[in-house]
Structure formats: C-alpha cells, structure tokens
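Quick notes on the structure that follows.
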Number of protein chains: 2
Amino acid sequence: MFGVPGDFNLWFLEQSITGDQVEFVGCCNELNASYAADGAARLAGISALATTYGVGELSSLAGVAGAHAEQVPIVCIIGAPPLDSMKKGALLHHTLADGNFTNMMNCYREFTVAQARIEPVNARQEIDRVLRTCLLEKRPVYLQMPSDVAGIATEPITEALDLRLPPSDPELLRQAISQIVSRLEASEKPVILLDAAADRFALTDLLLELSEKYGIPVAHLIPAKGAVSEEHPRSIGVYAGDGSATAVREAVEASDCLICVGTRFTDVATGLFSHNLDDSVQINLESYSVTINGETLNAVDATELLAGVLRRPVLVRKARGTFHSSIQPAVSFETDGNSIQTSSPVTQVSFWRSFQKYLQPGDVIVTDTGTSFFSSMKLSLPDGVTFIAQPIWAALGYALPATVGACLAAPGRRHILLVGDGALQMTVQELSTLFRHDLKPIIFLLNNDGYTIERLIYGVASSYNNLHPWQYGMLPRIFDEHDRSVVHRVETIGDLEKTLASTNKISKLHFIEVVLLRLDAPDSLMHMARRAAEFDFPQMRRLGAEDKTLRKSKLQGLGLSGNGKKATPMGNGN
Amino acid sequence: MFGVPGDFNLWFLEQSITGDQVEFVGCCNELNASYAADGAARLAGISALATTYGVGELSSLAGVAGAHAEQVPIVCIIGAPPLDSMKKGALLHHTLADGNFTNMMNCYREFTVAQARIEPVNARQEIDRVLRTCLLEKRPVYLQMPSDVAGIATEPITEALDLRLPPSDPELLRQAISQIVSRLEASEKPVILLDAAADRFALTDLLLELSEKYGIPVAHLIPAKGAVSEEHPRSIGVYAGDGSATAVREAVEASDCLICVGTRFTDVATGLFSHNLDDSVQINLESYSVTINGETLNAVDATELLAGVLRRPVLVRKARGTFHSSIQPAVSFETDGNSIQTSSPVTQVSFWRSFQKYLQPGDVIVTDTGTSFFSSMKLSLPDGVTFIAQPIWAALGYALPATVGACLAAPGRRHILLVGDGALQMTVQELSTLFRHDLKPIIFLLNNDGYTIERLIYGVASSYNNLHPWQYGMLPRIFDEHDRSVVHRVETIGDLEKTLASTNKISKLHFIEVVLLRLDAPDSLMHMARRAAEFDFPQMRRLGAEDKTLRKSKLQGLGLSGNGKKATPMGNGN
C-alpha cells in the first residue's frame, strides 16, 4: 500500500501498521504513490493506494486513470472527513467549502470500476463487493473511508473473498468451443495476436498451449510486450500495422483465423491506425465473452473456453513449421554505419545494441513514454522478462515511481529503469523512496536535453520543448545518506561498456546518465512522430519547414544547429 | 501561462509564443504548473494553465480545485485530440482507449465554473463566455482545445471583452442601501469581518472607507490575511473563534451589526467551529447579492451597494475610538522563557519573532500549509504585504510552485517562501523553474524532520509520519548553473540573525534551511491539532496515550525520545 498521510487518513494508516499483512510505503506525493502502486500491482497482482480527501485523491487521479487504461488493479482508499460532517455538508478544509461531498467520488467514478463510501452498516458487504470487482476486472476501485469509521471493529472475517466467476452458460460454451475448433481445423494460416489483457487475465499459458497444439505462431501488440518472450519458438514478434517487420505484418494481415485476446487497436499499437485486418477472420476473446464471426457470446469464461478447446483432439494437424527463426531477427537494431569504436559517442542505436546484450532472463524493465519506450519495442526479450510501461495512457513521469513499486513487489529480481530527462524532472523526488527502502534498480537516464518526443512531433526548436538543464549526476547525493549508489556518466561506447560491466559487480543502485543528442531517435519513432503530427495537426502550415529542420539536424549529427550539440553538463563539477 | 507541452497542445503553444501578449512558462509537471498559475493569478488578477489531454489535465486537477476553493481565476486550456477523432470515439493514447471523450471534462465540471469544447463554429462565442465567467466569478474555467482547431484563423477581434455586471435592480439596491444605513446608525458596536472574497472582488478599499466614515473596526478571517494590513488604524486582527485574541473575539461576537463579506465559516477559519455568532446581526455581502435580517436581495452589486451607502450622510456619528492599539499587540509571539542568546538553538518562537522584524512593506509572503501557515497567522503584516496560502484547500506542496508564479507576476517585489520539509519534497523540482527564469525569492525551509502537523494530530511517533532525510542544502546545486544562489543552514539564533542580514546585501536566491525540533509548534497549532483529532477521530482509543507522548516530548525538548532530537543532517558534507 502506497500513499501519503493526511489528517483524514491517520487512523486508517495506524490500523494498517498495527497488523502485519499490509506494508505502508510513504511516497513523496500522491501522484507518485499512484504510479508506485501501479508498478507494484503489475508484479504482485494487486496493490493499494492510501490518500487523504480532496487534495490527496485528486493529485493521484491521473495515475489511477492510467491504471484503468492499462488494466491494473489498484484499491484506492481515501481517508474522508467524519461521516456525519459529510452528511451535514460541513465547511471543511480539503473541500470547496460549499458542503459538496460528492464531487471527489464523481471524478473517481470516471476512472474506477466500483466505488463505495464505507459506513459501519455496509462496510463488510461494500468492501467485499469493491475488492471483488477490482480483482475480477483488473482495474482500479475506490473506497471512501470516513476518518471516524476507519478504526471501528466488526466481527472477525472467517471466509476468504469469493473470487469465482459465475460458470459459463454450458450451451454457449459448447457452441463457442466447437466453432473455434472448426475454424482452427479449416484454417491454413492461423495466428494468435496477444494484447495486455492476455497477461492480466492469466490466459497466456493456455494460449501458448494452443499455439503448441495446433502449431500457431504468436504475435503481440505493443501493450503485450513481455507477455511472451521473443525467445519462445512460436513468437513472431510485435504487430504494429505498417510499423511491423514485413514478415510479421504479412503473417498477421494474411491470416485466415486471427485469435485476438482483449485487443484494443489503439493509435500507438497500430502506428496511427495503419493496421489492415479483416474483421471476419477474427476470433476475439475477452475474459467473460467471445466474438466469433461477428457474433458475441456472453457468459463464456475465457479460461473454460480455452481449456475446452485444448481438450478436443486435433483432427488435421497441419505442418506449419516454426516461424521464429525465419521472421524475427535475434537483434533488430540496425547498425548506424560506424564501426564500433570505444571512443565513438554513444547514440540511440549503439545504446540499444549494447542494452540488448545486457538483458538477462527474469529482468524487470520499466520504461517511461519517450524514446526509451519506442526503442524498447524492438528489444528481443529473454525468457521471463517483465516489461512495464504505459503504452495507452502514456504519461511522462510514470516510470520512476513505478520502479519503486516494482522493486518492492519483486525484491529478488533485477530491475532496470529507462527514463528520459523530461520524465525524470516530473517525478524525480521518488528517487528518495528508492533509497529509503534500500532498493537497487539500475537506472538509465537517457538525457537528450528536452522533450525529444515532442520535438519530433512539432516545435523541433521551439522554447516550450526545452528543459532547464540539471546536474543530474548529483541527484543521488541528495537522498543517499549511506553510500548506497554509484553514479556514471556515459558519453562514449567505451563508457557504456565499462558501466554495464560494473553494474554486475557492484551491488548498489546505479544511476547512469547517458548523454545523447537532442534529436537522436530510432527511425521507427521518427516515423511515428511524423504520423502523429499529421494526425494531430492536419492543417498545420509549418509542417514543411519543420521537416526541413529535422532533416537538416539529422544530417548535422542529430543536434540542433547553434546550441546543444550534446546535452550540456553544467560547469560546477560532477 | 504555465504548463507542460504534450503532443495535443503543441500547435496551441506555438501560437502562444509567436505573439507577444502571452508568456508561456514551462513547469516540471502539471500539478506544479497549476500551483504556479494560482500564485500568478493572485497578483496578476488572472492566469492560464496549458496542459495536454488526460495525463496532463488530470495531473493538474487538484491544483485547479484548490483555485476554485480559494477563489482564484485560472483559464485552463487543454490541448485535446483532433475534433473529428473525439466525435468518432477513436482509441487514442492519453485516454482509456474506450472511445469516451467526456470523462475528462466531467471531472473539470466539478471544479470549474464554465466549460467549453472549442469548435471552429463556436470558438469566438464560447471563448468569450468562458473568459468572462472566469473574470467575473474569480474561479477557474475550462477550455478544451482540439489539436487541429488550435491554429485556425478567425476574423480579428475588434472589441474588448465586456466585463460589466448587469446593473443592480434599482429598487432592491435602494432598499439594501437604506437598510444597511439604518442598521449602522442604530448600531452601538458594528464590526466589519472580511473574508478572502473582499480582496478577490476588489471591495476592500470601499470597506475601509466605510470603516473610516462610521468608525467601524475591521476584523478578518484567516483566508483574508493581508487584505488589510495589521498596521491599519482600524484593523483589529484575525477572528478565529476561540483561537482569536480575547479582545477580538469579544468585539466580533458582541457586535450588534456584523458586516460580513463573502464569509465562509470553515473549520480552519473558526478553530473547528468554535465561533459564536448571532446570525440575526449579520449583514452578508456577496459580489452580486446581500443578505440582511435573513432576507437575501439578489441583483444587488456589492460595489454599487457600498458606494451607495458611502454617499449617504452620517446622521449620528458615534465615538468609537481607535481599536487598534488596545486590541492588537504589535508582535503577538510569546517569548519562550529563555533569554535570547545567539548560541541558543532556533525554535518556532524565536524564528517567528525574528521573522516579524524582518518583514518589510510590500513583501509577498507565500506559506505552505504546515506549521508555517499557522504561525504566519500571528504575524503583524506591514502595509502592502500580500499573503498567499491555501487556508481552505490546504494542499501540502502548493507554496513552492506558487512562488514561481508570484515572482513572475510581480517581479519588482520581495518574495518570501515559507515551506516545510514534507511540502518541499512534494513539489521540489519547481526550484528548477526559479533558476530557469533567474528568480530570486528568499526561501525558508522549516525542516522539522517529518509531517509535524500530522504528528500533532495523530501518530506522533508512527512511521507513516516520517520522511526520508534529504541533504536539502545541496538542492540548489542541482539546478543552479550560474551561481545564482546562496545556501544557509540555521541552527542557532545567531545563525538566523546573520542569515537574515545577509539576504539584504546579496541579491541572489537565498535557500535557508532552518533546523527545528520535530514537535516544535506554536501553541495555537497544538491547540488546533488537538481539536482536529477530536473532530476527525472522536472514537479513537489511543488519544490518551498520544497526548502523554506529546506532553513528554514537549518536556524533553520537543523532539521524540530516541531518534531525531533535531532534524539530522546527513553525513556526507554540506
């Protein structure tokens, strides 16, 4: 449980620390706490967020909305004013002082799947209802806990929360199983296409069994990165419309039986809607329904459905071979034409090439929504790697606090944070919480001196895309009273190799500032940014001029003419 | 205009920097930007906040809600997805990817007084309507600006925005004037009681004229701190229920004609509802209505009303004398019994005694909602001092970003920030924006090693009220590439006196860490905290034990037994 104390939740927090079933982790602010809760829930299955009324809960709303978008279950527990004072409409601090006590919950209603105000008379029922919804729908829920209700005793709880879904309708289930089996038997080119939901609803293993049984290649959308390892023999990699590798695109778009799992064809997942898929060949599984041939069968549990399909014998086993080696290159980063010399400046291409080799099975990778996210999409992930990001909500600043949550939820694993300078500035104080709990992630700060992803879309040299330069390398010293960290500054390929090697030897938090040129970005991101500009500002008159600037800068070595060939360190030592 | 760029608002930001009427100030994150906009609007009369859809606007919602509570006009301009994509329900990033494009505005509807989605067909009318509402109601408004609409040209604007209120109903106005004059003539003990609205609606000068004309003493509620200087001959100081000075309490509660201006008797303003006022003697002025003898007259403009009252001759001038000297002590900080030696450790009492002398006419004081806010209430403010805080919304972390806005809005004045360690950790990155714009406030960090205000309410020694200790004195070096700051660490009264003197000599940003004991707080805050605990947790069983701990700690010198006698600096140098 992550959060921040406030007068209305102090009694509740006191309950939580007197037992031993919940650990409360104080964060520096509430938005950061919500991101930390998100990161923890990705690995632990669920987490909680404890904030105070009004000022606290509204500050974390953006992070909770992000968890809704990304299907992450968080129990938001808000310390509210005393029950009676709310019913009477008292003029209290942390409100608009107008007697309105419905406005906060109204906001959360938009971004959570269940809400309740806890009163003594309904507490047991309402808490159970809300928790159950959170766990079954894998999305955030909202519990408003009046300050004077928090410590009231009820009868002891004797039964575990009932988390069973209702059983599927037997006839619809049978019908769905038969239809899917027939389609698979008849199909020449079936493909499984995963989205994040496959992972959230624990369907991936069943799908891989299906893949094995029928010899079906498995592609994934960007939000399902890491759900299946790129090393899996049937994984063919990411499908992203015209941003896909040619062979993946052909396999997916030419499929005559596309088994989709919770797919949402968003702008980011499809290279701005460049996907070209035939609706009629799709079988869409949701957690409790399935759509086949355009007809939706409700009351069909996806787990029962897949288990049922797997129980049927394969009548016609088609020889579909192994797709992996022919489609997915082991390392997909293009070389940049330079021979690799240790004195060469590090670039996006050389960084990611080295980073690919640095990855180990079981790593947890957290990326923020900048160049690091888009580059990570091309990584070939070893087995058991968890990839944490916000492919839909895409909030800058998410990744550092999410790393706090991830480290606490999976302490035995290696955690790697990839974050840009714009993102780091947003939520930087959560470095404090890493040190407070003696956590030791490896942090790569990709410092490209400004909001590079915005520059690539529009305003390449405009002042609003600039950031104030920080002495980033000094940051750990603010928080680190016990010499628990090592700071590295990486400008060359040699620096990078030496730094990466040292992280395996020294068990400390590593803070690695990688100095990159302002406009250095993988070609895939350049392409995506151009698309985004066309989508967002179709009538924009300066687009031609912008493009010329971008092309020129690229020729001149990816900085901007004049200032900032490299992100400039400040003068006063490091 | 404060904000953060995002892909949906880039074209809008480009418009704003091509003209010369708006300055865009990029902040480190959106919550901070909203606080900065609030600080600027307090001094400039209005400000704007530019964020991107979803991720940006929800991150700043808490700050906007605060501006609503505190009656601060901010124009929130949200860069939204292209109009057509919203109408079609496209699955976009920065949304829940469910086609819902009303959820964000629904949240803002709760905390703004006008909203519009700008379309080419309605842009001129809707923008004017929303701006007019903002300026007339002194509260935030919401403009959703689709990315592809932002740069569209319309006919040039030829007329200024019409900001006139409709004229008062002449009969009701005449009636109100007569009733107020009769009441004043008949009254033996009239008192004017100001709330923040008097200042926001520019009524203070008229009220002081009224005070002068009839010899009426002027008290104020906490949110009106600074609206009238404590040096004003008729100012009798703050009324806060049983938290008032005895003479002020008697004057206000025994008044037979209490002229209230926009008063909201909130928990903080009234010492948890300890006020004792007779409704029947109150005359309540709002900007466009007045309530006299329990009857509300609508369509009465407060400015016209006061002007009308002032035009009437005084028939019976009662000798009411000057209240100031008899009621308001010049410096209200009690001594702490120690003789003042320069080697004595600085305490809350000695700090505020020195700070009182340090104040100059025209200062801008910004305090966060901790010990500094409650202590500031007892300051006697010189003429022309602006006092900026959040007495109602009370969000920790507000004050530092608000100082950015205040400095930019009133560059010629001396700006003083008073902030606690808990608050600083919340929004610390906005120090960056101070340096980016070469701003030079004097920053007092009152470091008492944790959430002291929460400790005083509940959980005096509980872990959730602890903070990770930072090397605060190193913070400016992260952001300050041009040697624009001086860092001070104050532990003794001698340190404090020397530091205060130096700020008058060296024109730089001064960052002054004042090291205080954990539980050192003015008695008024101790009292308030006890009240808050009784209000929030009336059934709390540990209150007795808590009190014992608090009393013991107080005896032991205001730290907590065991750890933290003083906020401990970290070992690695300063």
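Chains A and B: how much accessible area gets covered up at their contact, both sides added, probe 1.4 Å, in Å² to the nearest hundred? Intermediate results must be reported in sequence, preceding the final value.
Numbers: alone 24040 and 24030 Å², together 39910 Å².
Summing both sides, the interface buries roughly 8100 Å².
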*Looking at the axis that maps chain B onto chain A, which chain B residue has the closest Cβ, and how far off is it in Å, rounded to a whole number?*
B:107, 2
*Relative to the other copies, what are the label-point distances for residue A:437, with labels 7 Å from Cα along the C-beta vector, expressed in nm at one decimal and sorted shortest first?*
3.6
*For chain B, what is the calculated [θ] at 222 nm in deg cm²/dmol (nearest 500), taking -39500 (n - 2.57) for each run of four or more DSSP H residues and dividing by its residue count?*
-10500 deg cm²/dmol
*If you place +1 on the Cβ of every Lys and Arg and -1 on the Cβ of every Asp and Glu, how big does the dipole about the Cα centre of the protein assembly as shown come out, in debye to the nearest 20?*
1800 debye
_Student exercise, chain A dipole from Lys, Arg, Asp, Glu Cβ charges, in Debye to nearest 20_ = 1420 debye
*Residues with amide H under 5 Å from that of residue B:230, placed H, sequence gap 5 or more*: B:381
*Hey, if you put +1 on the Cβ of every Lys and Arg and -1 on every Asp and Glu Cβ in chain A, which of A:257, A:179, A:492 ends up farthest toward the positive end of that dipole?*
A:492
_Other-copy label distances relative to residue A:411, 7 angstrom Cα-Cβ extension, nm_ = 5.3
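Please compute the volume of the convex hull spanned by the alpha-carbon atoms of the protein assembly as shown and report it per residue in Å³. Spell out each step's value before the answer.
Working: hull volume 202.5 nm³, N = 1148.
Per-residue hull volume (Cα only) is 176 Å³.
Quick check: at a probe of 1.4 Å, how many percent of the accessible area of chain A sits on carbon and sulfur atoms?
Numbers: 10420 of 19960 Å².
Ligands and nucleic acids excluded, carbon and sulfur reach 52 percent.
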*Classify chain B: rounded, prolate or oblate, from the alpha-carbon gyration tensor (a ≥ b ≥ c, eigenvalue square roots; a/c under 1.5 rounded; otherwise prolate if a/b is larger than b/c)?*
oblate
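Given a cut-off of 19 Å, name the pairs among B:357/B:440; A:189/A:213; B:213/B:378; B:225/B:508; A:318/A:378; A:225/A:378 whose C-alpha atoms lie farther apart than that in the structure shown. Don't skip to the end; give the middle numbers.
Numbers: B:357/B:440 21 Å; A:189/A:213 14 Å; B:213/B:378 28 Å; B:225/B:508 28 Å; A:318/A:378 30 Å; A:225/A:378 10 Å.
Long pairs (Cα-Cα over 19 Å): B:357/B:440; B:213/B:378; B:225/B:508; A:318/A:378.
Could you tell me whether the stretch A:376-469 comes out rounded, prolate or oblate from its Cα gyration tensor? Rule is a ≥ b ≥ c as square roots of the eigenvalues, rounded for a/c under 1.5, then prolate if a/b exceeds b/c, otherwise oblate.
Working: a/c = 2.55, a/b = 1.54, b/c = 1.66.
Oblate.
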*Please work out the C-alpha center-to-center distance from the stretch A:356-427 to the stretch B:233-250 and express it in whole Å.*
56 Å
*Keeping all protein chains in place, calculate the accessible area per residue for the stretch A:72-162 (probe 1.4 angstrom), answer in Å².*
40 Å²
*Inter-label distance for residue A:278 and residue B:256, nm, one decimal - labels placed 7 Å from Cα along Cα-to-Cβ*: 9.4 nm
*Longest segment of chain B lacking GluC sites (Glu not before Pro) that sit in a DSSP loop with at most 10 other Cβ atoms within 10 Å*: B:189-574
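Which net charge results when you count Lys and Arg as +1 and Asp and Glu as -1 among the other residues whose beta-carbon is under 10 Å from that of residue A:96? Write out the running numbers ahead of the final one.
Values: positive: B:139, B:264; negative: A:98, B:70, B:110.
Within the 10 Å Cβ shell, the charges total -1.
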*Could you state the number of Å between the C-alpha centres of the stretch A:523-538 and the stretch A:290-314?*
38 Å
*Would you be so kind as to list the residues of the stretch B:1-38 that have their accessible area lowered by at least 50 Å² in the full protein complex compared with their chain by itself (1.4 Å probe)?*
B:5, B:7, B:10, B:11, B:14, B:28
*Once phi is turned into θ = phi - 60°, what whole-Hz ³J(HN,Hα) does the Karplus curve with 6.51, -1.76 and 1.60 give for every residue of the stretch B:35-50, x standing for Gly and Pro?*
5, 5, 4, 4, x, 5, 5, 4, 9, 8, x, 6, 8, 10, 10, 10
*Whole Å is fine, so just give me how far the alpha carbon centre of the stretch A:9-76 lies from that of the stretch A:136-206.*
22 Å
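Enter the mean number of other protein chain beta carbons within 10 Å of the beta carbon of each residue in B:139-152, as an integer. Don't skip to the answer; put the middle values down first.
Details: counts 1, 0, 0, 0, 0, 0, 0, 1, 8, 6, 2, 4, 5, 1.
Per-residue shielding by partner chains comes out at 2.
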*asked:* At 7 angstrom along the Cα-to-beta-carbon line, where would the label on residue A:501 sit relative to the other copies? Give the distances in nm, shortest first.
replied: 5.7
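The values are calculated or read from the model by the stated rules, or taken from the named source; none is laboratory data. Everything quoted here is computed from the prediction, not taken from an experiment. FYI the Cβ positions are ideal-geometry reconstructions off the backbone, even for glycines, and counts take in every protein chain you see. Ligands, DNA and RNA are excluded from the accessible area calculation, which covers all protein heavy atoms including side chains. Shrake-Rupley method; radii C 1.70, N 1.55, O 1.52, S 1.80 Å.
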